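Please read the structure below before turning to the comments.
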Amino acid sequence: MSGLEIENLSMRFDLPNCSSVQALKDVSLHLAEGELLSVLGPSGCGKTTLLNIVAGFLAPTEGQIRLNGHTVTGPAAERGMVFQQGALFEWMNVRENVAFGPRMAGKRERDWAGTVDHLLEVVGLRDFKEKAVYELSGGMQQRVALARCLANDPDVILMDEPLGALDALTREKMQSLVLKLWKETGKTIILITHSVEEALLLGERLLVMAPRPGRIHKEYRLPFADLGVGEDLRTVKKHPEFNKTREEILGMIWDMEEEIMGRTEETQ
Amino acid sequence: MIVLLIYVAIFVASFFLVKLLVHKTTRDFTARKTVTFGDESAVRPNRIASVISVLTIFLLWGAFTGSSWVPGFLHAPGPFVGDATFTYTAEAEGAAPDDATVTVRVFPVGEDVEAPEVDPGAGWAKDDSDSVGAWRSGLIRVDRNDGYGRDEGHTVVAVNGEPIAPGGEVITEFGRVGMSPKGTLNFEPRKGWQMEPIWLPPPEAVLARLKEIAQDGYRDSTLWEHLGWSLFRVIAGFFFGALIGIPLGYAMGLSDWFRGWFDPIVEFMRPVPPLALIPLVIIWAGIGETGKIILLFLAALWIMAIAARSGVSGVKISKVHAAYSLGASKAQIMRHVIVPNSLPEIFTGARVAMGVCWGTVVAAELVAAEKGAGMMIMVASKFQLTDIVIMGIILIGVIGFGIDILMRFAEKALVPWKGRG
């Protein structure tokens, strides 16, 4: 079977005081090739844990993950990851950062130079190739991170709040860029975010997760990502369906937060 | 005390003078800040103050040593030099009290001077003459040429008309005349406020000594050999310390077994000052080069190990994760992520280690060495060659400062990403 299969995934952390935290419970999901899934939920719902398990940085206590039929046991180049911030290598310039994957795979410069330069062109950093990454703004750094991930040509791209640290204006531009890259490359993408608006704009499918234990609460299939490829994102946001769904999800998350607060008050 | 008062006076006076005369013409951002008290970034060193500060040190040094670099009117009062005179009144059994004059020629130490010729004069107490070096004192046996000796009860009862008794003193315009418990006069010419060269030589004497030692050497070695040996020991000790310490630190940062094994050793050795190891190293390896290099190796080793370990621990996990998910192997992550990421920390450690090594080598040479900057000043101090001691201290300071500047340059050139992660 092709695509990404997540089967009955559970994750329990044992704490030093003999109690344990159920970060994920019985999460199952199938992601077809080329689908863009955004994951939303209050803090502590296990979004990042889920992403780390898919990336191979954590081994689940139960369940398994299969990509294109084979089981995931650790990190590999087929599953690229884009982090929120600070994952670029300051001792390399922009071009060396983007070429990191191919270079580590032992490819020669003439084999990767074309791809890398094309990607730098696509993310709008052609004139910044030779710059040190710490000389770039936060938005530009995230473009480098995106290009670096794409240069390795992974099957799945995992994004852990990649736009979370950017200002509102830059964020909007980057959202368009993510959509454009998704459409152009046809990659399977899982995007974790805190912003309901971003999840709606970018997610072809949207997963709302609930905490304690971390589980899938509700799933949506949304038209906005496809609309956003051709249209201005601000026009998409004016869509009546967009506002309706946003209010619904906000209410949902709000209720979850209230429930958590109530529960902690009870225990106190 | 007077020096401190003058120093404070110059500090305050130059502050007001500079504020009055120099109006800041800078119109940069800081100049527009209204809140500067408490804003550390708005406090930048006033370079005029730095220049005045250095000049003041040399001015005070010159003024209180009678330096030829400082114009004469700025000199602190020097010691009295020339012919000093005072009169004494002597009594003896069966004779009327009689007065006589003593002429003392006070000369700069080092010159060959004879006591002045004086006419003995009238009366039974004859005029005397003697010579005393500046800053020194001398006994003057005024009874030697008098008509009555001590056997006849010769006693001095007054100096310049002021009564004096054994253990007492009279201050004259040329200096102090004291009387020993046995009744002998003791003349101590006025010393003034200047320092004697054996305590503090004037700056030009230090410079002259520097030229002399640079040309002729000291204790069978040239100045460059002394300094070169000290530097060689530091570099050799630091090199071996880094050679072992950095891999050790990496191993401690990457493996739980290594960390567990070496943690107690490193944590115990770190607070032991290298100076405390000198006696043991001398017992084990003697005072030769091996001992010195072992000592400096030990001084640098722990610093470098701890720097490398914290460099590894400081790597952001997202960088390592990113490298893994881009398909890098463990060796590639070591080479392309962990090592470059730890370089800033290692450079900081290297700067500290170089400073510690330089201090330790001087101390080790003070204890025992045949060549070296520390040995030079130690031997010179035994002969009270204060000018060599001061010259040595200045050179040690300049070299230590130079090492630090070089390390900073190297750091800027090799790890430009420091602090930008």
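Here are a few things to note about the model shown:
- Residue check, A:Asn97 within 20 Å of the chain's Cα centre (by Cα) and within 14 Å of chain B (Cβ to nearest Cβ): yes
- Boolean, B:Val177 is more than 30 Å from B:Val389 (Cβ to Cβ), of a type in the set (Val, Ile, Thr) and modelled with pLDDT under 90: no
- Residues that are at pLDDT below 90 and under 39 Å from the mean Cα position of the chain (by Cα) occur in region B:115-130; there is at least one.
- Candidates A:Lys187, A:Lys218, A:Lys173, filtered to the one that is out of contact with any strand residue (DSSP E or B) (no Cβ under 8 Å at 6 or more places or on another chain) and among the basic types (Lys, Arg): A:Lys173
- Neighbours by Cβ (under 7 Å, 6+ apart or cross-chain): first from region B:333-348, more than 13 Å from B:Ile246 (Cβ to Cβ) and in contact (Cβ under 8 Å) with a residue 12 or more places away in the chain; second surrounded by fewer than 19 Cβ atoms within 10 Å (Cβ to Cβ) and among the basic types (Lys, Arg): B:Pro344/B:Lys418
- Any hit, region B:308-328, residues being under 30 Å from B:Glu204 (Cα atoms), buried (at least 21 other Cβ atoms within 10 Å of the Cβ) and in contact (Cβ under 8 Å) with a residue 60 or more places away in the chain: no
- Taken together, B:Ala100, B:Ala90, B:Ala76, B:Ala125 contain a single residue that is crowded, with 19+ Cβ neighbours inside 10 Å and in a loop (DSSP other than H, G, I, E, B), which is B:Ala125.
Table: residues versus (1) modelled with pLDDT under 85; (2) in contact with a strand residue (DSSP E or B) (Cβ under 8 Å, 6 or more places away or on another chain); (3) under 22 Å from B:Glu169 (Cβ atoms).
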residue: B:Tyr88; (1), (2), (3): no, yes, yes
residue: B:Gly94; (1), (2), (3): yes, no, no
residue: B:Val102; (1), (2), (3): no, yes, yes
residue: B:Val113; (1), (2), (3): yes, yes, no
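A quick yes/no check of all residues on (1) within 14 Å of another protein chain (Cβ to nearest Cβ); (2) under 16 Å from A:Leu207 (Cβ atoms):
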| residue | (1), (2) |
| --- | --- |
| A:Ser2 | no, no |
| A:Leu9 | no, yes |
| A:Phe13 | no, no |
| A:Glu35 | no, yes |
| A:Glu78 | yes, no |
| A:Val82 | yes, no |
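- Hits in region B:375-421 - residues which are surrounded by 13 or more Cβ atoms within 10 Å (Cβ to Cβ), charged (D, E, K, R) and in a loop (DSSP other than H, G, I, E, B): B:Lys418
- Criterion violated by B:Cys357 - all others in (1) more than 14 Å from chain A (Cβ to nearest Cβ); (2) more than 18 Å from B:Gly228 (Cα to Cα); (3) more than 17 Å from the chain's Cα centre (by Cα); (4) buried (at least 22 other Cβ atoms within 10 Å of the Cβ) satisfied: (2)
- Some residue of region A:224-239 being out of contact with any Phe, Trp or Tyr (no Cβ under 6 Å at 6 or more places or on another chain), of a type in the set (Asp, Glu) and in contact (Cβ under 8 Å) with a residue 40 or more places away in the chain: no
- Which listed residue is within 14 Å of chain A (Cβ to nearest Cβ), at pLDDT below 95 and at positive phi, from B:Gly314, B:Gly327: B:Gly327
- Hey, B:Gly291 over 44 Å from the mean Cα position of the chain (by Cα), buried (at least 18 other Cβ atoms within 10 Å of the Cβ) and either more than 14 Å from every other protein chain (Cβ to nearest Cβ) or at positive phi (or both) or not: no
- Test: B:Ile282 is assigned to a loop (DSSP other than H, G, I, E, B), in contact (Cβ under 8 Å) with a residue 40 or more places away in the chain and closer than 16 Å to B:Ala363 by Cβ: no
- Helices (runs of 4 or more DSSP H) wholly inside region A:112-230 that include at least 2 residues being within 14 Å of another protein chain (Cβ to nearest Cβ), within 30 Å of A:Pro60 (Cβ to Cβ) and out of contact with any Ser or Thr (no Cβ under 7 Å at 6 or more places or on another chain): A:138-151
- Looking across region B:334-345, just one residue is touching a helix residue (DSSP H, G or I) at 6+ places or on another chain (Cβ under 6 Å) and at the interface with chain A (Cβ under 9 Å from one of its Cβ atoms), and that is B:Val337.
- Taking (1) surrounded by 15 or more Cβ atoms within 10 Å (Cβ to Cβ); (2) more than 17 Å from A:Leu206 (Cα to Cα) in turn, A:Ala59 satisfies each apart from (1).
- A:Ala105 being out of contact with any Pro (no Cβ under 6 Å at 6 or more places or on another chain), within 14 Å of another protein chain (Cβ to nearest Cβ) and buried (at least 21 other Cβ atoms within 10 Å of the Cβ): no
The values are calculated or read from the model by the stated rules, or taken from the named source; none is laboratory data. Since the model is a prediction, treat every value here as computed from it, not as a measurement. In this analysis, Cβ positions are derived from the backbone assuming ideal geometry, glycine residues included, and neighbour counts consider all displayed protein chains.
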